[in-house]
C-alpha cells in the first residue's frame, strides 16, 4: 500500500467498494430486464389511445375501470394524476382521428366514451376544475399500429437483455464507437489514450443500463411506461454522462502532463479531489430543477423527468467513481491480478520474496 499524505482522501484506493456498489444497484434492474415483460411500452411503441379525464364529482379508480369495462375496454389502465383526475390508456379507439375536410365528423368511439362517462358520473371538468355539459377529455392522443411500428421497429429482433429493438442497439453502439474514437483522439497526448475512450463508454453504458433497469422495475411495480419522452431523456442522460466524464478526464490529463503525483493512481486521485465539488454542484443544480418540475409538472412529461432524475444522479456518480476508477484499474492491472488469485497463482513480488527467503 502506498503511503499518502495526511488528510489525503484515497478515492482510488477504495475503488473495489465502488465497483461492488455499482454491481449491487445494477443487479435488480438486470434481473427485472430478464423477466418478461422486460419494459412496459407506452402507446408510442405499442399503439393505442390515451386520454386525461377529470370529473366534477368524486369518482374512484375502481368505478372508472368498471365503466371502461362496460364500454368494451376491460384492458384499460388507469392512473390517478390529481383530484378526481385520471390518465386512461386503452387500445386504439375507433374513429378517434382528425375530422374529415368536408362534412361533419362521424361519431367516434372517443365521443361515445365521453358521453357515457358524463351520463354515469356527471359533468366532466377542465384542467382548472371548471365543469360543464360540453366539456370533454382534457388531453387525448391516439397512435395507430402502423405509426407505433415505425417508432419501435418491432420487426427487428429484440435485444435479449431489455427488449430494445436491434436498430436501437445498433444506434447506441454506433454512438459509443464515435465517442470512443473522439476521446481517443482528444487525449492522444496522454499515454495509452484509448483507455480514456473505453472508460467513458463503459460509464455511459453503466448509466443507461441503470436507467433502463429502473424503468423495468417501475413498470412491474407501478405500471410506469416508456415512451418517446423516455428515449429523449435516456439520450440526454448519455450526453450528460459523457460530458461529466470528459471534465474529470481533462483534469487528469493536466495533472499527468504536469507530473503531479508519484504515480498515475495518485494523479487520478488528486484530479478527482479537485473536480469533486464542481461535479457535485453541477449535478445537484440539475437534480433540484428536475425535482421542482416533478412537483409541478404534468403527467405527460413524468417519464422524462424520472429518467432525468435517475440518470443525472448516476451520471454524477459514474464519472467520479466508475469511469476514473476503470482507468486506474486498467493501469495497475487489477483484472489480471484478480484472475491470478482465482487460479491460485502467486504475484511476481511474492515469488521474489519467497525465493529470497529460501
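Is it fair to say residue 263 is surrounded by fewer than 22 Cβ atoms within 10 Å (Cβ to Cβ) and either modelled with pLDDT of 80 or more or touching a strand residue (DSSP E or B) at 6+ places or on another chain (Cβ under 7 Å) (or both)?
Spelling it out, it is not the case that residue 263 is surrounded by fewer than 22 Cβ atoms within 10 Å (Cβ to Cβ) and either modelled with pLDDT of 80 or more or touching a strand residue (DSSP E or B) at 6+ places or on another chain (Cβ under 7 Å) (or both).
Which of the residues belonging to region 86-111 are touching a helix residue (DSSP H, G or I) at 6+ places or on another chain (Cβ under 8 Å) and modelled with pLDDT under 80?
92, 93, 94, 95, 96
For residue 114, are the conditions met, namely being modelled with pLDDT under 80 and within 27 Å of residue 85 (Cα to Cα)?
Working: modelled with pLDDT under 80: no; within 27 Å of residue 85 (Cα to Cα): yes.
No: the conditions fail for residue 114.
Just to be sure before I move on: is residue 152 within 26 Å of residue 34 (Cα to Cα), surrounded by 14 or more Cβ atoms within 10 Å (Cβ to Cβ) and modelled with pLDDT under 50 in the structure I sent?
Spelling it out, it is not the case that residue 152 is within 26 Å of residue 34 (Cα to Cα), surrounded by 14 or more Cβ atoms within 10 Å (Cβ to Cβ) and modelled with pLDDT under 50.
For region 235-279, which residues satisfy the criterion of being touching a residue at least 24 places away in the same chain (Cβ under 8 Å), outside any helix (DSSP H, G or I) and either within 17 Å of residue 311 (Cβ to Cβ) or in contact with a helix residue (DSSP H, G or I) (Cβ under 6 Å, 6 or more places away or on another chain) (or both)?
none
The values are calculated or read from the model by the stated rules, or taken from the named source; none is laboratory data. On a predicted model such as this, the values are computed, not experimentally measured, just so you know. Methodologically, a virtual Cβ is constructed for each residue, glycine included, from the backbone with ideal geometry; neighbour enumeration extends over all protein chains shown.
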